[in-house]
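Working notes for the structure below.
The values are calculated or read from the model by the stated rules, or taken from the named source; none is laboratory data. Note that this is a predicted model, so its numbers are computed, not measured. Every residue, glycine among them, receives a Cβ derived from its backbone with ideal geometry; neighbour counts consider all protein chains shown. The accessibility values were calculated without ligands, DNA or RNA, using every heavy atom of the protein model including side chains. Shrake-Rupley method; radii C 1.70, N 1.55, O 1.52, S 1.80 Å.
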Amino acid sequence: MRAVNVCYCCPWRLLLLHFLCSSSMGSPSPSTDPEKKVGSQGLRFRLAGFPRKPYEGRVEIQRAGEWGTICDDDFTLQAAHVLCRELGFTEATGWTHSAKYGPGTGRIWLDNLSCKGTEGSVTECASRGWGNSDCTHDEDAGVICKDQRLPGFSDSNVIEVDHQLQVEEVRLRPAVEWGRRPLPVTEGLVEVRLPEGWSQVCDKGWSAHNSHVVCGMLGFPGEKRVNMAFYRTINKFKVKHKPQLGRGPSKRMLAQKKQHSFGLHSVACVGTEAHLSLCSLEFYRANDTTRCAGGSPAVVSCMLGPLYATSTGQKKQQHSKPQGEASVRLKGGAHPGEGRVEVLKAGTWGTVCDRKWDLQAASVVCRELGFGTAREALSGARMGQGMGAIHLSEVRCSGQEPSLWKCPSKNITAEDCSHSQDAAVRCNLPYTGVETKIRLSGGRSRYEGRVEVQIGVPGHLRWGLICGDDWGTLEAMVACRQLGLGYANHGLQETWYWDSGNVTEVVMSGVRCTGSELSLNQCAHHNTHVTCKRTGTRFTAGVICSETASDLLLHSALVQETAYIEDRPLHMLYCAAEENCLASSARSANWPYGHRRLLRFSSQIHNLGRADFRPKAGRHSWVWHECHGHYHSMDIFTHYDILTPNGTKVAEGHKASFCLEDTECQEDVSKRYECANFGEQGITVGCWDLYRHDIDCQWIDITDVKPGNYILQVVINPNFEVAESDFTNNAMKCNCKYDGHRIWVHNCHIGDAFSEEANRRFERYPGQTSNQIV
């Protein structure tokens, strides 16, 4: 399994770092090995490629006067540690593959590099030998080093390549400001940030491909046609008039505030680039007196994706075009526009193998979903492992395809890939400013505290608190997302221990979220009239956020394989009755005579997220049940239901988490949780908890159920007591046929595993509409 790459962001600078291995940096003591000394003296190292930060990039080595790269085959974090020390950094925090920082040129010096991480020089690591490689530059390895220098490192080790400028950041500046313009800004003058400040781009030769790249960088899926006559009118107005207060409509022409400052010209993009830096372009020299003669600043207009068009009120435009179900989706991401890539094939969702996964393929996914280009193409199940089919492998996109399915790919087989290689993406998003309308106060870190929201109009803005009534995990998830802090570990209704600020007014109440909103304002809540059952700052909402979360999935095939009926004597069900595991009619049964008819099955619950699943309550509050002789860490861990086709519940069961533990784990994962001797309870990432069919309460009491066709439904963590990265996959459904003596359970699947059409076919199972056996 390959390690994964790490997020990069502005500013982009192309710095090359080099130093001689003969120095003692990174080595505990000078080496007396003559071969190593010669090899070290003959090597120089640098970071190259863009866009990137100064402490990350493609690794290049100069040997015998020739610069070359390293192949990513067998590359590990240990090798990255050694190379970062060679470059003058203390250690590595990550590494990249598949030429993330662009393909290099020249020789590929090292292949199958294998280091322990403690070597003082890369010459001590095993490899195929210098210059012996079967790779191409599309497989160039990169490193992300910790931004901390080794003692003795000096600035003389940093040089610029050809002293070239690089585009660090791009923005759209509105040419006309109509009072308070809503975010995100979708149209304006293109400006790039250079070392001397923000500059405009000459529009001579400007093409739709250039606009496409700019819009993608700024988080928009595509560009629109610009009304250039409007901007030419502004330029004429700028020359002939000076702005006067109190005249004309309430608008300020920002372009008048300063003369055009051109810094870039001759931009020529293909349209598939992930960043403007990757396009052909030229910078004006400092002594250029005439800039963009006869031209104007380049103007771009971008289209909002559906997610943001809806949130900004532009619904009419989106709803005018009927759209079918998407063929791609993201799962498991902590922030909007990121997650594990899943594609729809033959009515079933499956994942994508990360082999040859790159920015071009990731950008096709991002644009298809209504975001901009990809910031990162992630490998190694960075956003958690999927479950079920792997539909695609070795996807090769040019970047111009409208859908991932239009890209060439390889047919997948069971031996080709595993879910530990699930591909993921991080997309560029438009700036909406929602994070400025919310903050946390009083917490021990920036990830926790009492929630405060900003309300009012410009000039009369104020901060206030949120009523804690009905505040739960789903509301906390939205708050953490709006804050940019990932998931919610807890949603708290009492925050007296965080009472450290001077904000005391409750300005929002009745907040009810589905969990998918981008901000709390999109959730249902009371309007101007605030109603709170429990008054005072003590009972206001708070959150504890986290960048990672668990994700529980039920192994649906095991339910189908193990389901059977048992007629169990009442005298064996006293403990089960005490824990409310039987239907209500059992209370009037003739105890201890007679029996109850039970539908039994096994439950194997996997944690495929990025954090361990732990009970919300600490062990000090677990409840001891004398009858079964165990503790309950969660009162309700799963719901078991038998439903009619119209959703009416005819039988139910529930399972308390009397023992959350790691029954088995994946090959490379160790067990952490065991219930014996009052041990810690939970489910480790990569492990599963097995509730066998033959233990108490692992059933549904169907004594009162009449013969017919039904739906068996199992829901994990039904009350959202513990935060997860994805709640949509917590339910499992099966078709169920019962003739009064036997039962057939089939077509079991996770709730979000099927397409919408496949789910409709499932619900129209023959015979269910009349509830008769067929």
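For the range 55-143, list the strands (runs of 3 or more DSSP E) that sit wholly inside it and hold at least 3 residues that are among the hydrophobic types (A, V, I, L, M, F, W, C); which are they? Step through it out loud before you land on a result.
Numbers: elements: 56-63, 66-70, 92-96, 107-110.
Counting at least 3 such residues, we get 107-110.
Looking at the structure I just gave you, is E394 among the acidic types (D, E) and within 30 Å of G501 (Cβ to Cβ)?
Details: among the acidic types (D, E): yes; within 30 Å of G501 (Cβ to Cβ): no.
For E394, the condition - among the acidic types (D, E) and within 30 Å of G501 (Cβ to Cβ) - is not met.
Looking at S403, is it among the polar types (S, T, N, Q), open to solvent by 10 Å² or more (accessible area, probe 1.4 Å) and farther than 15 Å from E342 by Cα?
Values: among the polar types (S, T, N, Q): yes; open to solvent by 10 Å² or more (accessible area, probe 1.4 Å): yes; farther than 15 Å from E342 by Cα: no.
No.
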Worksheet entry | Selection from the range 729-750 of residues that are closer than 23 Å to G350 by Cβ and either open to solvent by 30 Å² or more (accessible area, probe 1.4 Å) or modelled with pLDDT under 70 (or both) | K733, H746, N747
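Let's see how each residue does on (1) under 22 Å from Y487 (Cα atoms); (2) in contact with a His (Cβ under 7 Å, 6 or more places away or on another chain); (3) among the hydrophobic types (A, V, I, L, M, F, W, C):
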{"position": "K671", "(1), (2), (3)": "no, no, no"}
{"position": "I695", "(1), (2), (3)": "no, no, yes"}
{"position": "E721", "(1), (2), (3)": "yes, no, no"}
{"position": "N729", "(1), (2), (3)": "yes, no, no"}
Worksheet item: Conditions: (1) touching a helix residue (DSSP H, G or I) at 6+ places or on another chain (Cβ under 7 Å); (2) closer than 30 Å to E517 by Cα; (3) at pLDDT below 90. C697 meets all but one. Number of the miss?
Response: (2)
Worksheet, complete the sentence: Taking the range 337-370 and the residues there that are out of contact with any Phe, Trp or Tyr (no Cβ under 8 Å at 6 or more places or on another chain) and assigned to a loop (DSSP other than H, G, I, E, B), the one that is nearest to G305 (Cα to Cα) would be L369
Discussion item. Among the residues in the range 486-509, are any closer than 19 Å to N527 by Cβ and open to solvent by 30 Å² or more (accessible area, probe 1.4 Å)?
Written reply: yes
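Among the strands (runs of 3 or more DSSP E) contained in the range 148-263, which hold 1 or more residues that are modelled with pLDDT of 75 or more?
Numbers: elements: 158-160, 169-173, 187-194, 197-201, 222-224.
The qualifying strands (runs of 3 or more DSSP E) are 169-173, 187-194, 197-201, 222-224.
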Worksheet item: For S114, are the conditions met, namely being surrounded by 17 or more Cβ atoms within 10 Å (Cβ to Cβ), modelled with pLDDT of 90 or more and either acidic (D, E) or over 25 Å from the mean Cα position of the chain (by Cα) (or both)?
Response: no
Discussion item. Given the criterion over 21 Å from C215 (Cα atoms), in a loop (DSSP other than H, G, I, E, B) and open to solvent by 80 Å² or more (accessible area, probe 1.4 Å), identify the matching residue among A286, A293.
Written reply: A286
Fill in: the range 74-89: number of residues that are open to solvent by less than 40 Å² (accessible area, probe 1.4 Å) and either among the hydroxyl-bearing types (S, T, Y) or within 19 Å of G129 (Cβ to Cβ) (or both)
5
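Conditions (1) aliphatic (A, V, I, L, M); (2) at positive phi; (3) modelled with pLDDT under 90; (4) touching a His at 6+ places or on another chain (Cβ under 8 Å), marked per residue:
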{"position": "H265", "(1), (2), (3), (4)": "no, no, no, no"}
{"position": "N287", "(1), (2), (3), (4)": "no, no, yes, no"}
{"position": "G294", "(1), (2), (3), (4)": "no, yes, yes, no"}
{"position": "M303", "(1), (2), (3), (4)": "yes, no, no, no"}
{"position": "L307", "(1), (2), (3), (4)": "yes, no, yes, no"}
{"position": "G324", "(1), (2), (3), (4)": "no, no, yes, no"}
Discussion item. Where the second residue is open to solvent by less than 40 Å² (accessible area, probe 1.4 Å) and of a type in the set (S, T, Y) and the first is touching a residue at least 24 places away in the same chain (Cβ under 8 Å) and over 18 Å from R58 (Cβ atoms) and lies in the range 104-123, which pairs have Cβ atoms under 8 Å and are six or more apart or on separate chains?
Written reply: G120/S27; S121/S27; S121/S40; T123/S40
Worksheet, complete the sentence: Checked pairs for the range 501-524, first within 25 Å of P336 (Cα to Cα), second open to solvent by 80 Å² or more (accessible area, probe 1.4 Å), C-beta under 7 Å and 6 or more apart or across chains, list as R512/D470; C523/R512; A524/R512
Fill in: Single unsatisfied condition, T663 versus (1) open to solvent by less than 20 Å² (accessible area, probe 1.4 Å); (2) in contact with an Asp or Glu (Cβ under 8 Å, 6 or more places away or on another chain); (3) of a type outside the set (D, E, K, R)
(1)
Worksheet item: In the range 404-514, which strands (runs of 3 or more DSSP E) lie fully inside it and hold 3 or more residues that are over 23 Å from A309 (Cα atoms) and either of a type in the set (V, I, T) or at pLDDT 90 or above (or both)?
Response: 438-442, 448-455, 462-466, 487-492, 506-508
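Please work out if D726 is charged (D, E, K, R), within 15 Å of V559 (Cβ to Cβ), modelled with pLDDT of 85 or more and assigned to a loop (DSSP other than H, G, I, E, B).
Details: charged (D, E, K, R): yes; within 15 Å of V559 (Cβ to Cβ): no; modelled with pLDDT of 85 or more: yes; assigned to a loop (DSSP other than H, G, I, E, B): yes.
No: the conditions fail for D726.
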Discussion item. List pairs: first residue in the range 562-585 and more than 20 Å from S603 (Cβ to Cβ), second residue among the aliphatic types (A, V, I, L, M) and part of a helix (DSSP H, G or I) anywhere in the structure, Cβ distance under 8 angstrom, at least six positions apart or on different chains.
Written reply: L570/A586; A577/A586
Worksheet item: In the range 535-551, what count of residues is obtained for those that are open to solvent by less than 10 Å² (accessible area, probe 1.4 Å) and not in a strand (DSSP E or B)?
Response: 3
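Residue by residue, here is whether (1) outside any loop (DSSP other than H, G, I, E, B); (2) at pLDDT 90 or above; (3) open to solvent by 50 Å² or more (accessible area, probe 1.4 Å) holds:
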| site | (1), (2), (3) |
| --- | --- |
| K533 | no, no, yes |
| L553 | yes, yes, no |
| A557 | yes, yes, no |
| R568 | yes, yes, no |
| A577 | yes, no, no |
| C581 | no, no, no |
| Q604 | yes, yes, no |
| H620 | yes, no, yes |
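Listed residues R597, R614; which is open to solvent by 10 Å² or more (accessible area, probe 1.4 Å), more than 40 Å from the chain's Cα centre (by Cα) and either more than 15 Å from G653 (Cβ to Cβ) or modelled with pLDDT of 90 or more (or both)?
Values: R614 fails: more than 40 Å from the chain's Cα centre (by Cα).
Criteria check complete, one pass: R597.
Is the range 644-666 home to any residue that is in a strand (DSSP E or B) and hydroxyl-bearing (S, T, Y)? Reasoning before the result, please.
Residues of the range 644-666 that are in a strand (DSSP E or B), as a first pass: 649-655, 664-665.
Next, from what is left, pick out any that are hydroxyl-bearing (S, T, Y): none.
Scanning the range 644-666 turns up no residue that is in a strand (DSSP E or B) and hydroxyl-bearing (S, T, Y).
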Fill in: Residues located in the range 382-400, provided they are under 29 Å from E724 (Cβ atoms), open to solvent by less than 20 Å² (accessible area, probe 1.4 Å) and in contact (Cβ under 8 Å) with a residue 60 or more places away in the chain
M383, G384, G386
Worksheet item: Where residues in the range 56-73 are out of contact with any strand residue (DSSP E or B) (no Cβ under 8 Å at 6 or more places or on another chain) and at positive phi, which of them is surrounded by the fewest Cβ atoms within 10 Å (Cβ to Cβ)?
Response: G65
Discussion item. Suppose we keep only residues that are in contact with a Leu (Cβ under 8 Å, 6 or more places away or on another chain) and surrounded by fewer than 24 Cβ atoms within 10 Å (Cβ to Cβ) within the range 354-375. Which one would you say is farthest from V328 (Cα to Cα)?
Written reply: G370
Worksheet item: Can you name the residue in the range 705-716 that is surrounded by 23 or more Cβ atoms within 10 Å (Cβ to Cβ) and touching an Asp or Glu at 6+ places or on another chain (Cβ under 9 Å) and is also farthest from N646 (Cα to Cα) among such residues?
Response: V714
